[in-house]
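Notes follow once the structure below has been shown.
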Amino acid sequence: MLFDDPNLLSNEEIGTQLKQNGYSADLIESIIQQFWIHDWGNSFIANKEYFEVLQKFLAEKKAETFSRFDFYTFFYSTTVPDYEKVSKSLQKIAVVFELMQTDHIAVRDFEEILKELNLTEISLQFLVNAKLITIFEEDEKQIAKWIHHTLTEYLSAIYLLDQKEIIKTVDRFTSSSESGTITFIPSWAGTLRFLVEKDSKTFIDWLEANLKANPDFLNDQLTEVIVFSTPVSIPEGYKTKLFHLVYDSYQEKKWWIPVWAYHNLYKFINAEIYKTLKDNANDTRYEYRANTAATIDGMLRNSHPLLTPGEKDFWKEKLIAYAKEEGTNGVLQRHSLAALENFVGDNSIIEAVVVNDKSTDTLVREAFINMCKVVDPNSAISIGFFIRGISEDTSHIYARNALYSISSNEGIRTLLKGIVENQQFIHEFLDKESIFNKKEKQADEIIIENIRKNLDEENISLIKKLILNAFTGEENYRAGDSYFLQQLALLIKTREPQYLEEIILAIQKLTLEEKNRLFINDFEGVLSVLLEANELARLKEVFNDTLHHHSKYTFAEAIRLAPRNGNPNGESVLQKGIELGITVDPNKLPKYEDHLKERELGIYKQFRKYLSPPTKGQYFPQVFAFFVENQKVIESQMSDDEIQRLLELAIDSNLNKIDPEKIVVRYKDQENKTGEYTITSVAGHFADVLRLIYKLKPDILQTPENRRKVINFIPFAYSNDFKIIQDILGTVNDKELSTLNEIMLNDKNDARYLVPQTYIYFSKIFPNLKSPRVVLISFIKDKYISESDKDYALKTLENYITNDDRNIEKLLLTIWNPKERKAFSDSANAALVSIFRNEVAILWRFKILKDSAKPFHRQEGAHSVGTLEMELDYLAFAKPLIDLRDEKYLKQFIELLDFSLTLNADEQYKEYTNYLWRIAIAFVVRDDFFLSETAYESLKKWADKNKETPNINWFNKRLEMALTESKSARTRKNKVSEAIAVLNHE
C-alpha cells in the first residue's frame, strides 16, 4: 500500500510480487527505479491495474533488461481499442497538452482540440472508456485529466520520432531561443526521457550541440533524464562523450551534480576517465571534490570493475579525509558520508569521521547517522549515536530508522542498556511514535521482531525495567498508546506467563509519586495486553484503592481495551470483565447514531425556542445565525410553516425594515474615536439575516434597493462578514457606492471609524472602480484612523493612481520620513518608487538594503519568524525595486551585488548575501518576466568577473534556474489555439 491508499502498491509490494514471478533482483530494481525517478510519489505501476499490464508485458517479452519505452508501446497497443487507427490523433492531442504544460483542461477546451485538429475518429468519451482520461468537477467546471502524465509524454515522443526533421522539431518544442539564449524547457523532460530511451546517440549529439551554443543549456532535470535513461550498451565513444558533457559542465560551473545523475554516471566511466577522477582527488576546490565523491559513490554502489580492493582502499582514505574537512557548506561531507556507506562492516570509518555527529548542519548529522546505520548498525558506537539523535531530537527520523537495522544479540543488548534509564530518550521515542506506527503499518514491528529473535534473560530483564521506567517517567503521556511498549510486554509474557504478577509487585513497591506518574501515563495500555480472563476475579481485588486511587479505573479500562490492543485473548477478557461487572458491555452503551439523533433533536428544539418563544409574536435575533450554522440538521426536521415564519422574519421584519444607512455609531471618546462605543442594535444581526436569505431566497437580495442595503452595511461588517457580502454583490459599480462613499467621507459620522479596513478590503477586491480613491486618500490624511489602517489604505490606493497624480506624490512625500523606519512611512516610499519612480525614494531604498545587512543564522525546527527572516524569505521590502522593470536601474543593482562582496567573506552574512543576490536576479528575470538579454548578460559578466569569489557558483546556479523557470512560464501556451498554432508550425 502506498500513502495509505489500498489501490496503490508500494515499491516493496511491487518487488515482492515480481520476485515471486521469478524475475531477477537486478531486473526488479531496474523496473522500480525507472518508474520511481521524478515520480517518487506517483509511480505509474503503483496503480494495480497498470501493474497487471506490466506483468503481462514481462511475461510476453521475456527480456533480461527492461525498456520503459517498449512497455508504454505495449500498454497502448493492448489497452486502447484500434490503437493503430487512433495513434496519430492521440499523439497530436498529447503534444497540445505538453505545449500547455498541463495534464488537465476544461472539457470544453478538450472538445476544441478535437474540433480544431479535425480528429473525427476519436472522442473524449472514447478516451474515458479506454481509461486514459478521467472527468471530474472543479469550481463548477467539467475537467478532463489524463490518468498519468507519462501517457502524454510517451505519445509526444512518438510524434517527434515520426517527424522528418526530428531534431528541428524537438528544438522547436523543447527549447527556447527567445531573448537570445537557448534554454531547455523543463516541462519537456518527461518526453525527452522517452526519446533518449529510444535513441540515446541522437540525443547525446543533440545535447552536445546545444551545450556548444549555450554552456548553461544543461539543467539538473535534463541532466538526470539523459544520464539515467541512456543505456550502458551505447558505444564506447558515446559513453565518453556523455560523461564529459555532464561531469565537465558541472565541474566548470562548480555546481553539484544531481543525485540521479551521479548515481548513474558509473555506466560511462572507463579506465581513462577513472584515471582523471583519481588524479583530481586532491583538487583544492571543494565543489570539485564533492562531485568526485558523489561520482565515486555511484561506482561503489554499482560495483564498478575498475574499483579493485586496492582502489577501494584509496578512496576510503580520501572519502574519510573529505568527510572530516571543515569550513565548507556541508555538501562535500554529505556526499563523502554517503559514499562511505559502501564500506559495510568497517566500523573504523565511523570513529574516523565522528566529527560529523556534532555538525551544526542538520543534513550532515543525518547523513552521518545514515552512514552508521549502513556500515555497522550493531556496533556500540553507532547505537550511541542513534540514541543521542533521538534523545536530543536532532536527527530523530534518521536515528529511529537506524534502530530498525540493529539485529544482533549484542546490538540489541547495547540498545536496551543505553535506553533503559534514559528518560530523555524514552520521552522523545514515545512522543514521536505516532509518526512511525500507523493503523495499517507499524514501523516499530521491525525492531520488535529483532528483539524477539534475541530474547535472552539479560535482555528480558532490561525490557522489564524499560517498561516500568517508561510509565513512571515525567510526562510520558503517550506511553499508554505505545505499540512498542505493548509488544515488548507481550514478548516477555511469551517467556514468562506470570509477568503480570511481577509488574504488580513492582507497582506496589513504587513511591506514591511514582504511582501517580504510572497511572497518569495510562498504564492500562500495557496492562490490557497481559490480562487473562481466568485471572480477572482475583485481580479485581488487587486493583483497588489501596494500590492507588486510580487503579480501579485503569483495570476496567484495560479490560475494555484488551480486544483492540493485541491481546490474543482480548474478547474473552472483555466478556469476563462484563460478567464480573468490572466494565460495561460496549454494545449496550448508547450508540453514536443515537447520540447524534439526540444532539440533532436538541439543536432543532433550540431553534424552535429562538423562532417562537412563549410570548406570541416575538423571536430571538440569534435564530438567523443559529439556522445558518445548523441548516442541514434543522431543515431535516422543520415544518413548512416554520420555514415560512423564518423567511418572513428575515425579510419582512428585518431586511425590509432595516436601513444600514441609518445605523448610528457613537464613540464615548470623541477626542480619539477609539475604545467604547454604542451602535444601533440591528447591526449585530443584520449580517446573519443576509446569510440566511442568501441560503434560502438569494434572488431577493439582487433588487437595487436590497443591493444598496448590502453595500451600505459595509461600514459595520467585520472580516467574518466579507464573504457573504462578496457572494451577494458579485461586482459593483461606482454609482452603487455613492451613499456608502458619503458615509465613509463624513468625518462627523463615527461609522467611518468603526472598521475602515472593511471598506478598504472591498476597494481592493472590486475591479474597475474609481470612486474609492477619494475615500482612501481621506483615510490616509485622517488623524483618527489608525496607522495600520492608513498603511492598508495607502497600499490599496496604489491601484487607483498613476504616475500623473502629482498631488498624490506630494502627499506621499509628506508621509515618507527617510529618517525613520515605520510601516506607513515605508509604504509611502514603496508607492513613490513603484508608481512615481521618484529617484530620491529609489536611492533611499537601495541604501536601506545595504544598511540593513545583519548576521543571520536560521533556527532549526519550529520557531517564531522574525522580521529579518521574513524579509530574507519573501523580499517584501525589495519588491518595489524589483518591480521597476527598467534597464536604467541596472547599474544600482550591479552596485548592490558589488556591496554583497563586502559581506560574502563572513559566513555570518551568508544569508544576507544570498538575499541581495536573489534581489538582483529577480530584477532581471523571474516568473514570466525577462528584462532584457543585455541585463541578463550583465549579471553573467559580473559573476564571471568575480568567479573566484566564494559561493559565486550559487549565484550562477540561481540565475540559471531563474532563466529556465522564466522561459518555461513564457513558453507555456495558455490557450488551446496557441498550442495548436505551434503544433501546426503557424
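Any read-out appearing in this document is the output of simple, stated calculations on the displayed coordinates, not a laboratory observation. Note that this is a predicted model, so its numbers are computed, not measured. FYI the Cβ positions are ideal-geometry reconstructions off the backbone, even for glycines, and counts take in every protein chain you see.
Observations on the model:
- Residues of the stretch 239-265 falling in the label zone of residue 947, defined by backbone nitrogen less than 20 Å from a point 7 Å along Cα to beta-carbon, are 244-257.
- Extension gain from residue 541 to residue 843, taking 0.36 nm per residue of separation minus the Cα-Cα distance: 100.3 nm
- Stretchable slack from residue 653 to residue 123, in nm (0.36 nm times residue separation minus alpha-carbon distance): 185.2 nm
- With R₀ fixed at 35 Å, the C-beta to C-beta distance from residue 733 to residue 813 puts the FRET efficiency at about 0.60.
- Fewest neighbouring Cβ atoms within 10 Å first, the residues 421, 98, 351 line up as 351, 421, 98.
- Listed cross-link partners 19/145; 358/465; 254/318; 748/770; 941/967; 552/576 are compared with a 27 Å cut-off, the Cα-Cα value being larger for 19/145; 358/465.
- Close amide H partners of residue 665, meaning residues 5 or more places away or on another chain with modelled amide H under 5 Å apart, are 750, 751.
- Calculated FRET efficiency for the pair residue 802/residue 702, C-beta based, R₀ 35 Å, to 0.05: 0.55
- Helical content of the chain, expressed as a calculated mean residue ellipticity at 222 nm, amounts to -18000 deg cm²/dmol (DSSP H runs of 4 or more residues, -39,500 (n - 2.57) each, divided by residue number, nearest 500).
- Spread of Cα-to-Cα distances over 5 Å intervals beginning at zero, given as percent, for the stretch 383-485: 2, 13, 24, 28, 23, 8, 1
- Counting only residues at least eight positions apart within a chain, or on another chain, the lysines with an alpha carbon under 23 Å from that of residue 822 are 673, 764, 781, 783, 790, 795, 810, 847, 850, 854, 879.
- Euclidean distance of C-alpha centroids, the stretch 708-747 and the stretch 844-899, integer Å: 38
- Loop-located GluC sites (Glu not before Pro) in the stretch 674-757 (DSSP state not H, G, I, E or B) with no more than 14 neighbouring Cβ atoms inside 10 Å do not occur.
- Difference of contour (0.36 nm per residue) and Cα-Cα distance, residue 509 to residue 672: 51.9 nm
- With a cut-off of 19 Å on the backbone N, the residues of the stretch 925-962 near the modelled label site 7 Å out from residue 885 along Cα-Cβ are 925-936.
- Inter-part distance where the stretch 249-291 and the stretch 309-362 are each reduced to a Cα centre, Å: 17
- Taking the fewest neighbouring Cβ atoms within 10 Å as the starting point, the ordered list for 174, 867 is 867, 174.
- Span-like helix ranges in the chain, DSSP H, alpha carbon extent 27 angstrom or more, Kyte mean at least -1.0: 952-971
- Working from label points 7 Å from Cα in the Cα-to-Cβ sense, the residue 115 to residue 863 distance is 5.8 nm.
- Rounded to 0.05, the FRET efficiency of the residue 137 and residue 432 pair, given R0 = 45 Å and the Cβ-Cβ distance, is 0.70.
- With neighbours defined as other Cβ atoms within 10 Å of a residue's Cβ, the residues 297, 659, 522 order from fewest to most as 659, 522, 297.
- Restriction of the trypsin sites (Lys or Arg not before Pro) in the stretch 630-710 to DSSP coil positions whose beta-carbon has at most 10 other beta-carbons within 10 angstrom yields 657.
- The Rg/Rh ratio of the stretch 592-638, with Rg taken over Cα atoms and Rh as the Kirkwood radius over Cα pairs, comes to 1.02.
- Simple Cβ-charge dipole of the chain, Lys/Arg +1 and Asp/Glu -1, about Cα centre, in debye nearest 20: 1620
- Shown here are the Rg and Dmax of the Cα trace of the stretch 819-950, at 15.1, 43 Å.
- Spin-label model, residue 82/residue 928: points 7 Å from Cα along the beta carbon direction are separated by 3.8 nm.
- Spin-label model, residue 27/residue 361: points 7 Å from Cα along the beta carbon direction are separated by 4.2 nm.
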